Amino acid sequence: MKNVLTVVNAITIKVPLATLAAPFGVNERNTFELLMDNVYPVGHMAFMGTKAKIYTRNYENDDYAQDVLIDTPNQFTIDVLGTLRNVGLRLSFETVSGLFGGAAVSTVDPISGESLVDMMGGDHKPVVSKLSANGGVASLREQAIALNDDTLEFYGVVPNAIKIAMADGNLNCGTDETVGNAAFLTAGGGTVDGCAAMLKNRELAVFAVRVKTKTIDTSTSTVE
C-alpha cells in the first residue's frame, strides 16, 4: 500500500479499500487481497485531489518554502486493461469456460464475501465497475457473465502473479493466451479442474474486461 499511495518526499494519500477494489468490479475481500498482492504494486493509476494549491515563491523572504496542498482525493482512476496486461495472465475463452464446466455463462458464488463497498461509511460510495456496451471490468465470481463474447478479454490473477508475469518465458503472458493459459494452469495445479476448485475457494481470480473493438480499449474506470 505504501508504495502505491505515497508520493516521495511529499504527502501520503489515504484511499479506502473499496475505492481501490471498485474499478475491478470486486466486492469480495479474498479476491481483492489477490489484487493487492499481485496487481496494485504495478498498476497504472492516478489519484486526483479535491483541490490543489501551489504557493508561489516569495523572493523577498529567504526562508520561504514552496508548499503544495492536496486534500483527500475524491477521484481515483485506474487503467484496468493496461494493468492486467502487465501482470495478469491472459486466458482463452476455452480455459475460462472450462472453469465453469464448459458453460457459456459464469456462475455467481452465492456465498461470496462481504461487500467492501457496502462496508464504507457515508453516502458517497464508489461505483462498482460493471460490464457495459462501452467497456468495464468485472470479476467472474461476482457477476454472471456471458463468456462467449468477442469483445471480452479474460485475465487470471493467481498467487505470485507478478513473479510469474516477469519470469523468463512468461513476459507475454498478459497478451498471449497460450502463454497465459500455461502459467495459469501451472499455478492451479496443472488442470482446469484444479483451477476451478481454487477459483471457488477464492485462491485465484478471473476478470472479464470489455473493449469496444479489438483495437480500442475502454477499460479505464473512474471512481468518485
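Would a scan of the stretch 173-191 turn up a residue that is under 16 Å from residue 88 (Cβ atoms) and modelled with pLDDT under 90? Walk me through how you get there before you give the answer.
First, pick out the residues of the stretch 173-191 that are under 16 Å from residue 88 (Cβ atoms): 173-188.
With the extra rule that they be modelled with pLDDT under 90, the set shrinks to none.
Within the stretch 173-191, none of the residues are under 16 Å from residue 88 (Cβ atoms) and modelled with pLDDT under 90.
Sort through 117, 128, 137, 96 and tell me the only one that's at negative phi and part of a loop (DSSP other than H, G, I, E, B).
Values: 117 fails: part of a loop (DSSP other than H, G, I, E, B); 137 fails: part of a loop (DSSP other than H, G, I, E, B); 96 fails: part of a loop (DSSP other than H, G, I, E, B).
Step by step, each of 117, 128, 137, 96 is checked, and only 128 is at negative phi and part of a loop (DSSP other than H, G, I, E, B).
Hey, could you check the stretch 123-134 for residues that are touching a Ser or Thr at 6+ places or on another chain (Cβ under 8 Å) and buried (at least 21 other Cβ atoms within 10 Å of the Cβ) and say which is farthest from residue 39 (Cα to Cα)? Full working, then the answer.
To start, the set of residues in the stretch 123-134 that are touching a Ser or Thr at 6+ places or on another chain (Cβ under 8 Å) comprises 126, 129, 134.
Adding the requirement that they be buried (at least 21 other Cβ atoms within 10 Å of the Cβ) leaves 126, 129.
Numbers: 126: 20, 129: 17 Å.
By that ranking, first place goes to 126.
Please go through the stretch 143-155 and pick out each residue that is surrounded by fewer than 23 Cβ atoms within 10 Å (Cβ to Cβ) and not small (Gly, Ala, Ser). Don't jump to the end; show me each part of the working.
Narrowing the stretch 143-155 to residues surrounded by fewer than 23 Cβ atoms within 10 Å (Cβ to Cβ): 143-144, 146-152.
Listed by number, the residues that qualify are 143, 147, 148, 149, 150, 151, 152.
If you go through the stretch 176-193 one residue at a time, do you hit one that is part of a loop (DSSP other than H, G, I, E, B), within 23 Å of residue 43 (Cα to Cα) and touching a residue at least 40 places away in the same chain (Cβ under 8 Å)?
Applying the first criterion (part of a loop (DSSP other than H, G, I, E, B)) to the stretch 176-193 yields 176, 188-191.
From the residues that got through so far, the ones that are within 23 Å of residue 43 (Cα to Cα) too are 176.
Now restrict to residues that are touching a residue at least 40 places away in the same chain (Cβ under 8 Å): 176.
Scanning the stretch 176-193, I find at least one residue that is part of a loop (DSSP other than H, G, I, E, B), within 23 Å of residue 43 (Cα to Cα) and touching a residue at least 40 places away in the same chain (Cβ under 8 Å), so the answer is yes.
Conditions: (1) in contact (Cβ under 8 Å) with a residue 40 or more places away in the chain; (2) under 19 Å from residue 38 (Cβ atoms); (3) over 19 Å from the mean Cα position of the chain (by Cα). Residue 154 meets all but one. Number of the miss?
With (1) in contact (Cβ under 8 Å) with a residue 40 or more places away in the chain; (2) under 19 Å from residue 38 (Cβ atoms); (3) over 19 Å from the mean Cα position of the chain (by Cα) applied to residue 154, the lone miss is (3).
Just one of 105, 137, 117 is touching a helix residue (DSSP H, G or I) at 6+ places or on another chain (Cβ under 7 Å), surrounded by 10 or more Cβ atoms within 10 Å (Cβ to Cβ), among the β-branched types (Val, Ile, Thr) and under 15 Å from residue 208 (Cβ atoms); which is it?
From the options 105, 137, 117, the qualifying one is 137.
Out of the residues in the stretch 3-43 that are modelled with pLDDT under 85 and of a type in the set (D, E, K, R), which is nearest to residue 135 (Cα to Cα)?
Selected residue: 28.
The values are calculated or read from the model by the stated rules, or taken from the named source; none is laboratory data. Every value quoted in this text rests on a predicted model; they were computed, and no experiment measured them. Cβ: placed from backbone, ideal geometry, glycine included. Neighbour counts: every protein chain shown.
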